[in-house]
Amino acid sequence: MFSTLRYVNQPALSSAAKNFMKNGVAKRGMSIAALNGFEGKHFISIDQLSNEELRGLLDLSKKCRDTYGKASTVDPITAPKPLTGQSVSMIFQKRSTRTRVSTETGMTLLGGQSLFLGPSDIQLGVNESMRDTALVLSRFNSLVLARVFSHNDVLELSKHATVPVINALSDLHHPLQTLADLMALEDHFGDVKGKTLAWVGDGNNVLHDLMLGGAKLGMNIRVATPEGYEANEGILETTKKLAAENGTEDVFLTTVASEAVKGSDVVVTDTWVSMGQEEEYEQRVKEFDGYQVNANLMGQANPGAVFLHCLPRHPEEVSDEVFYSPQSLVFPEAENRMWTVMAVMAAQLGKL
């Protein structure tokens, strides 16, 4: 069990956020209890979560931060170690700073062990089939986390693994990032229901889960992508259904960045050139002309609007003026990657 809640080690909160957190102390325990049925489940995409499970994971993430954060008064030596004796194998086809460091550090804080399997350590689906890999790792480890190119790889792993699988990124989904983003927004705004989130950039995996999660929390979704870089149609349709179910505005789609940002409370972008797309760099930079998030574009948003980027970022995507401004939540957002993966692992193993 985790220790008593402490609200520490987080960015300065607005009065609304403080009230939201104060009023949510009792509710948090109830929402985390909704995760009692999450034990043994895979974590593949945000739309597979019920609204109650999403709420529970966000609140459990905050509880992890309150217990293990650097400003916590809990002694790290005597802090709860609910995952003692548990382990996670981490399959990385794609390199990452935040995913690896957050998972390894988070698992250590929880008392467990992590094993990094990079491209030179394991050839997923090449020298050994995906099915065999899943079955073998399941006999060694309590969890399997995979950061891969193809979403089909994650689906194949989850189909055959006998332990919970975590999608740490695929070409279609990035659910851990969405948990971190939504946590950062709740830390800043408090309740995000009714807030408007604008995406400016590539219609990629980060957008997919963010618009799914935002809709589940009652946020209005506005998306600007260049022609030919639209979000997946199936995921868009799911987002529209979630928006209707949760009483938000219809999903707004455009190819003009300023149109999406107008009247928004949150502006989000991501890399224009993902790993494996390096040969497309010049073409993409040309076709994303006008999509840089800068002071002029942020000026189209509502007063007090904030900026998110999952990192790593490049200057063509966002100006330094915005990236390092008080409007930017990118570093609390990055820190939240650890609290959220800790929450997912603990919930999958039934250690709430």
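The values are calculated or read from the model by the stated rules, or taken from the named source; none is laboratory data. Model, not experiment: these values are computed from the prediction. We place every Cβ from the backbone using ideal geometry, glycine too, and count neighbours over all the protein chains shown. Each accessible area value is taken on the protein alone, full model and side chains, heavy atoms only, with ligands, DNA and RNA left out. Shrake-Rupley method; radii C 1.70, N 1.55, O 1.52, S 1.80 Å.
Side notes on the structure shown:
- Per residue solvent-accessible surface (Å²) - the chain, probe of 1.4 Å: 42
- Two-site FRET efficiency, ASN296 against ARG139, from Cβ-Cβ distance with R₀ of 56 Å, rounded to 0.05: 0.50
- Pairs from the list LYS41/LYS70; LYS27/LYS81; LYS41/LYS193; LYS195/LYS241; LYS195/LYS216; LYS63/LYS195 with a Cα-Cα gap above 22 Å: LYS41/LYS70; LYS27/LYS81; LYS41/LYS193; LYS63/LYS195.
- With at most 16 other Cβ atoms within 10 Å, longest stretch of the chain clear of loop GluC sites (Glu not before Pro) (DSSP): 40-226
- Taking every alpha-carbon pair under 8 Å whose residues sit at least 6 apart, the chain reaches a relative contact order of 21 percent.
- Note: region 142-290, Cα convex hull, 120 Å³ per residue.
- The per residue volume of the convex hull around the alpha-carbon atoms of the chain is 127 Å³.
- Set of aspartates and glutamates near LYS286 by C-alpha distance (under 15 Å), chain-local residues within fewer than 8 positions excluded: ASP202, GLU227, GLU278, GLU316, GLU317
- Note on ARG95 and ASN51: the model spin-label points, each 7 Å out from Cα along the C-beta direction, lie 4.3 nm apart.
- In region 51-81, trypsin sites (Lys or Arg not before Pro) in a DSSP loop with at most 16 other beta-carbon atoms within 10 Å: LYS70
- In the elastic network of the chain, a GNM with C-alpha springs shorter than 10 Å, the most mobile of THR84, THR196, THR269 is THR84.
- Trypsin sites (Lys or Arg not before Pro) restricted to DSSP loop in region 184-230 with at most 15 other C-beta within 10 Å: LYS193
- Theoretical ellipticity at 222 nm over the chain - DSSP helices of four or more residues, -39500 (n - 2.57) apiece, nearest 500: -12500 deg cm²/dmol
- FRET efficiency estimate (nearest 0.05) - Cβ-Cβ, ALA33 to ASN246, R0 30 angstrom: 0.90
- Max-minus-min Cα coordinates of region 229-282 on each principal axis give 41, 26, 16 Å, with the largest extent listed first.
- The simple spin-label model puts a point 7 Å past each Cα toward its Cβ; for LYS81 and TYR324 those points are separated by 4.1 nm.
- Across region 69-84, rounded Karplus estimates of 3J(HN,Hα) from the backbone phi angles (6.51 cos²θ - 1.76 cosθ + 1.60, θ = phi - 60°) give x, 4, 8, 5, 7, 6, 5, x, 6, 9, 4, x, 10, x, 9, 4 Hz, Gly and Pro being marked x.
- Measuring between their Cα centroids, region 281-313 and region 192-233 lie 14 Å from each other.
- Label point distance in nm, ASP121-GLN277, each placed 7 Å from Cα along Cα→Cβ: 2.8
- If R0 is taken as 22 Å, the Cβ-Cβ distance between ASN152 and SER129 corresponds to a FRET efficiency of 0.95.
- For region 152-264, the share of DSSP beta bridges that are antiparallel, to the nearest 5, is 0%.
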